[in-house]
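Some notes on the structure that comes next.
The values are calculated or read from the model by the stated rules, or taken from the named source; none is laboratory data. On a predicted model such as this, the values are computed, not experimentally measured, just so you know. Every residue, glycine as well, gets a Cβ built from its backbone with ideal geometry; the counts of neighbours run over all protein chains shown. To get the accessible areas, we keep the full protein, side chains included, count just its heavy atoms, and leave off ligands, DNA and RNA. Shrake-Rupley method; radii C 1.70, N 1.55, O 1.52, S 1.80 Å.
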Amino acid sequence: MFNTITNRQIFFIFVLMLTSYSVVILPKYMAVSAGTGAWIVLLLTAVVIGLFTMVIIGLNNMFHGKTLFEYAGALISKPGAYLLTILYVLYFFYVIVLLVFEQATLLKANFFLRSPDWAFPLFSIPLFCYIAAKGITTMARLCEIIGIVFAVTALSVHIIMMFEGDINRILPLFNPQEIGNYAEGFTKSVTPFLPISLLLAIPFTQKNSKAKKTASFRY
């Protein structure tokens, strides 16, 4: 019997994967590349990534209890499945390095000003590996607990920011002359959505038949 997760846990995995760090770095990238039209870029990115997410969830629901490597052979042959898995592993290492580096930058800039850069991966990677070794079910339960606290805190902070902000700072909402900048901003906005590929390594069961609704609600 394989480990399973619920649709609610999938929702909070989405919340943490897509917002826990991107809400820190994304505004800067968007302000520089897309300016006040960043909201357009983010909406378009969410639609595109949402469609990819629907495809992934659809495949996982077609092959219950299997991950990408296990069902890829039935779709693109075994050699293709091995090649796809190698590419996925390399891509996953890229994401890990990116997130650990960004995490170290964030922690050092805000809390540990005098700590050396190597100290953050030295302590965080063993912790992350320990959590991963406990299995997807444990990780999903942890995301569910942390996700609730994070969602409530983030929502409260953003509500306060809405009342404290000045609407003139985000005008004009759309400038036709900056469409080229919006296209450049799209390339910057994709990176925070990359962890959504973690779904390819999560086996689904009959319990997750309505996971598309969960994903749609998240977006």
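Quick check on segment 2-9. Is at least one of its residues open to solvent by less than 40 Å² (accessible area, probe 1.4 Å), assigned to a loop (DSSP other than H, G, I, E, B), modelled with pLDDT under 80 and out of contact with any strand residue (DSSP E or B) (no Cβ under 8 Å at 6 or more places or on another chain)? Yes, the conditions are met somewhere in segment 2-9. Checked against the criterion of being surrounded by fewer than 14 Cβ atoms within 10 Å (Cβ to Cβ), more than 26 Å from Q9 (Cβ to Cβ) and over 16 Å from the mean Cα position of the chain (by Cα), segment 121-135 contains one or more residues that satisfy it. When segment 57-75 is limited to residues that are of a type in the set (A, V, I, L, M) and touching a residue at least 40 places away in the same chain (Cβ under 8 Å), the one that is surrounded by the most Cβ atoms within 10 Å (Cβ to Cβ) turns out to be I57.
Apart from one condition, V23 fits all of (1) over 15 Å from the mean Cα position of the chain (by Cα); (2) farther than 26 Å from T137 by Cβ; (3) exposed (fewer than 15 other Cβ atoms within 10 Å of the Cβ); the exception is (1).
For the subset of segment 149-178 comprising residues that are surrounded by 13 or more Cβ atoms within 10 Å (Cβ to Cβ) and within 17 Å of S33 (Cα to Cα), which member is modelled with the lowest pLDDT? Don't jump to the end; show me each part of the working.
So the first thing to find is which residues in segment 149-178 are surrounded by 13 or more Cβ atoms within 10 Å (Cβ to Cβ), and the list is 150-151, 154, 170, 175, 178.
Then drop every residue that is not within 17 Å of S33 (Cα to Cα), which leaves 170, 175, 178.
Numbers: I170: 73, N175: 77, E178: 77.
Per the criteria, the residue is I170.
Among the residues that make up segment 108-115, is at least one of them farther than 25 Å from A46 by Cα and among the hydroxyl-bearing types (S, T, Y)? Yes: one or more hits. Among the residues making up segment 166-182, those that are assigned to a helix (DSSP H, G or I) and over 14 Å from Y29 (Cβ atoms) are I167, N168, R169, I170, P176, Q177, E178, I179, G180. Is it the case that some residue within segment 26-40 is assigned to a helix (DSSP H, G or I), among the aromatic types (F, W, Y) and more than 20 Å from E178 (Cα to Cα)? No, every residue in segment 26-40 fails to be assigned to a helix (DSSP H, G or I), among the aromatic types (F, W, Y) and more than 20 Å from E178 (Cα to Cα). Taking (1) over 29 Å from A183 (Cβ atoms); (2) surrounded by 15 or more Cβ atoms within 10 Å (Cβ to Cβ) in turn, T45 satisfies each apart from (1).
Does any residue of segment 91-105 turn out to be farther than 28 Å from N7 by Cα and open to solvent by 70 Å² or more (accessible area, probe 1.4 Å)?
So far as segment 91-105 goes, yes, one or more of its residues are farther than 28 Å from N7 by Cα and open to solvent by 70 Å² or more (accessible area, probe 1.4 Å).
If you go through segment 76-127 and pick out every residue that is free of Cβ contacts under 8 Å to residues at least 24 places away in the same chain, in a helix (DSSP H, G or I) and either of a type in the set (F, W, Y) or within 16 Å of I25 (Cβ to Cβ) (or both), you end up with 13. Determine whether segment 49-56 contains at least one residue that is free of Cβ contacts under 8 Å to residues at least 12 places away in the same chain, out of contact with any Leu (no Cβ under 8 Å at 6 or more places or on another chain) and open to solvent by 30 Å² or more (accessible area, probe 1.4 Å). Looking through segment 49-56, at least one residue is free of Cβ contacts under 8 Å to residues at least 12 places away in the same chain, out of contact with any Leu (no Cβ under 8 Å at 6 or more places or on another chain) and open to solvent by 30 Å² or more (accessible area, probe 1.4 Å).
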